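Trainee: Here's a structure for you.
The values are calculated or read from the model by the stated rules, or taken from the named source; none is laboratory data. Computed from a predicted model, the values in this text were never measured in an experiment. Counting neighbours? That spans all protein chains shown, and the Cβs are built from the backbone with ideal geometry, glycine included. The protein model used for the area step is the full one, side chains on, heavy atoms only, and it has no ligands, DNA or RNA in it. Shrake-Rupley method; radii C 1.70, N 1.55, O 1.52, S 1.80 Å.
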Amino acid sequence: MRVHVALTPADASGLALDGWAAIAVDVLRATTTVVAACAAGCVRIIPVSDSGAARERAALFTAGEVLMAGERGGEPIPGFHLGNSPLEFTPERVRGRTILLTTTNGTAAMLGAGSAGAGAVAALTNLSAVAGWALAQGRDLAVLCSGDDGSFSLEDAVCAGLLVSDVASASDAELSDAAVAAVGLGRYYATRIGDLRHASRWARRLAGKGHSADVDACLRRDVTDMVPIVEAGAIVPGPAASARPGTEGPRPKTPCDVIGAPRAPAPPAQVPEGSPRTAGPQPRDVLRLTVRPGARFGRGAKPPEDPSR
Ligand code: MLT
């Protein structure tokens, strides 16, 4: 399994993804919003390029069947039903509805994932579930980071790195250099996700605009096992992904999980009788990630061919 991470939209443009599985990531906030909307029971999300396209498509639906949502500059688009805050997409607002969504960076990556053999949408809130989905595809994998106005986005790279780390630790993965770099960032932030509030440019900007509750909601990890699936130009709620090896028995989830209601801490892991109790990653785990037989880093996997080069 070859694994590549497109760290910016420019890295993703021109990638030939036929036969590959592709995952779109825009932690702040578009893919977190899509995950929330799917977990809240929407019928589908149709990513569109701009507000004009959203209004045109909305006219094709009967009243009440469709909602227009999105942002520009982080603020809701005038005349639209919803903005791009995951906290707005509750069952009361979106259950049984189609959502036309346009955002600055995220919707382009979602449309990009649509050109692959199989496509899904990831955020920190459904990370483990998407790793399970990616493993179940049995395809080469490309993670498409939405970026920040065309530039590198720290939170997207961290999310991509954590995702690839999960997939690599359960498969015979061959990582591209960009994927290795993302894994490094993912491992650094794995125990300090909250630091992204200050380290991420867009997180600081969103907080400055009064959206810090959104930032908090977007930086929560694994609060749903919902995997939104990209198919035929739309995104539909996928089946709850099968648990990743070693994490059998996903917990039942409720929409309020998605918007960050506090949850009881998980019971301590069962350590077999007589085995040494050590904190932190087990030596075996670390070895599996960094020197697992067959897992080759850098100089191994080539990103999917770019026919234009
Ligand atoms: C984007 O797509 O650029 C972001 O999701 C914007 C936002 O945070 O609303």
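Trainee: Take the conditions in contact (Cβ under 8 Å) with a residue 12 or more places away in the chain and polar (S, T, N, Q) and apply them to THR191. Does it pass? Spell out how you get there, then give the answer.
Mentor: On the way: in contact (Cβ under 8 Å) with a residue 12 or more places away in the chain: no; polar (S, T, N, Q): yes.
The answer is no for THR191.
Trainee: What number goes with the only condition from (1) more than 25 Å from ASP140 (Cβ to Cβ); (2) open to solvent by less than 20 Å² (accessible area, probe 1.4 Å); (3) among the β-branched types (Val, Ile, Thr) that VAL43 does not pass?
Mentor: With (1) more than 25 Å from ASP140 (Cβ to Cβ); (2) open to solvent by less than 20 Å² (accessible area, probe 1.4 Å); (3) among the β-branched types (Val, Ile, Thr) applied to VAL43, the lone miss is (2).
Trainee: Restricting to the stretch 147-191, and then to whatever is open to solvent by less than 20 Å² (accessible area, probe 1.4 Å) and in contact with a Pro (Cβ under 7 Å, 6 or more places away or on another chain), can you tell me which residue is farthest from CYS218 (Cα to Cα)?
Mentor: Top of the filtered list is SER176.
Residue by residue, here is whether (1) crowded, with 19+ Cβ neighbours inside 10 Å; (2) closer than 28 Å to ALA190 by Cα; (3) β-branched (Val, Ile, Thr); (4) within 19 Å of the chain's Cα centre (by Cα) holds:
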site: ASP50; (1), (2), (3), (4): no, no, no, no
site: ALA53; (1), (2), (3), (4): no, no, no, no
site: PHE61; (1), (2), (3), (4): no, no, no, no
site: HIS81; (1), (2), (3), (4): no, no, no, no
site: PRO91; (1), (2), (3), (4): no, no, no, no
site: ILE99; (1), (2), (3), (4): yes, no, yes, yes
site: GLY106; (1), (2), (3), (4): yes, yes, no, yes
site: VAL121; (1), (2), (3), (4): yes, yes, yes, yes
site: LEU127; (1), (2), (3), (4): yes, yes, no, yes
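Trainee: Before we move on, is ILE45 part of a strand (DSSP E or B), closer than 26 Å to ALA160 by Cβ, within 16 Å of the ligand (Cβ to nearest atom) and out of contact with any Gly (no Cβ under 8 Å at 6 or more places or on another chain)? First the steps, then the outcome.
Mentor: Working: part of a strand (DSSP E or B): yes; closer than 26 Å to ALA160 by Cβ: yes; within 16 Å of the ligand (Cβ to nearest atom): yes; out of contact with any Gly (no Cβ under 8 Å at 6 or more places or on another chain): yes.
Here the answer is yes, as ILE45 does meet what is asked.
Trainee: Follow-up question, since we're still on this one. Can you tell me how many residues in the stretch 136-169 are touching a helix residue (DSSP H, G or I) at 6+ places or on another chain (Cβ under 7 Å) and assigned to a strand (DSSP E or B)?
Mentor: Total satisfying the criteria: 5.
Trainee: Here are LEU175, LEU111: which of them is within 16 Å of the ligand (Cβ to nearest atom) and either closer than 16 Å to VAL5 by Cβ or touching a residue at least 12 places away in the same chain (Cβ under 8 Å) (or both)?
Mentor: Working: LEU175 fails: within 16 Å of the ligand (Cβ to nearest atom).
Selected residue: LEU111, the only one of LEU175, LEU111 that is within 16 Å of the ligand (Cβ to nearest atom) and either closer than 16 Å to VAL5 by Cβ or touching a residue at least 12 places away in the same chain (Cβ under 8 Å) (or both).
Trainee: While we're looking at this one, here's another question. Quick check on LEU100: is it in contact (Cβ under 8 Å) with a residue 60 or more places away in the chain and either part of a helix (DSSP H, G or I) or under 17 Å from ALA232 (Cα atoms) (or both)? Break it down stepwise before answering.
Mentor: Values: in contact (Cβ under 8 Å) with a residue 60 or more places away in the chain: no; either part of a helix (DSSP H, G or I) or under 17 Å from ALA232 (Cα atoms) (or both): yes.
It is false that LEU100 is in contact (Cβ under 8 Å) with a residue 60 or more places away in the chain and either part of a helix (DSSP H, G or I) or under 17 Å from ALA232 (Cα atoms) (or both).
Trainee: If you don't mind, another one. I'm trying to understand the selection: among the residues of the stretch 64-108, which are more than 9 Å from the ligand (Cβ to nearest atom) and of a type in the set (Asp, Glu)?
Mentor: If the condition is that a residue be more than 9 Å from the ligand (Cβ to nearest atom) and of a type in the set (Asp, Glu), then GLU65, GLU88, GLU92 are the ones that fit.
Trainee: Among what's in the stretch 18-37 and is under 18 Å from the mean Cα position of the chain (by Cα) and either part of a loop (DSSP other than H, G, I, E, B) or farther than 19 Å from VAL143 by Cβ (or both), pick the residue that is farthest from the ligand (Cβ to nearest atom).
Mentor: First, pick out the residues of the stretch 18-37 that are under 18 Å from the mean Cα position of the chain (by Cα): 20-37.
This time we only want the ones that are either part of a loop (DSSP other than H, G, I, E, B) or farther than 19 Å from VAL143 by Cβ (or both), so: 20, 26-29, 36-37.
Working: TRP20: 23, ASP26: 5, VAL27: 9, LEU28: 5, ARG29: 4, ALA36: 12, ALA37: 13 Å.
That would be TRP20.
Trainee: Restricting to the stretch 141-159, and then to whatever is under 17 Å from LEU15 (Cα atoms) and out of contact with any Phe, Trp or Tyr (no Cβ under 6 Å at 6 or more places or on another chain), can you tell me which residue is nearest to the ligand (Cβ to nearest atom)? Let's see the steps before the verdict.
Mentor: Step one: filter the stretch 141-159 for residues under 17 Å from LEU15 (Cα atoms), giving 141-147, 150.
Of the ones still in play, those that are also out of contact with any Phe, Trp or Tyr (no Cβ under 6 Å at 6 or more places or on another chain) are 141, 143-147, 150.
Values: LEU141: 22, VAL143: 16, LEU144: 13, CYS145: 11, SER146: 6, GLY147: 8, GLY150: 11 Å.
Checking each candidate, the answer is SER146.
Trainee: Follow-up question, since we're still on this one. Please state which one of THR31, THR8 is open to solvent by less than 10 Å² (accessible area, probe 1.4 Å) and not aliphatic (A, V, I, L, M).
Mentor: On the way: THR8 fails: open to solvent by less than 10 Å² (accessible area, probe 1.4 Å).
On inspection, the qualifying residue turns out to be THR31.
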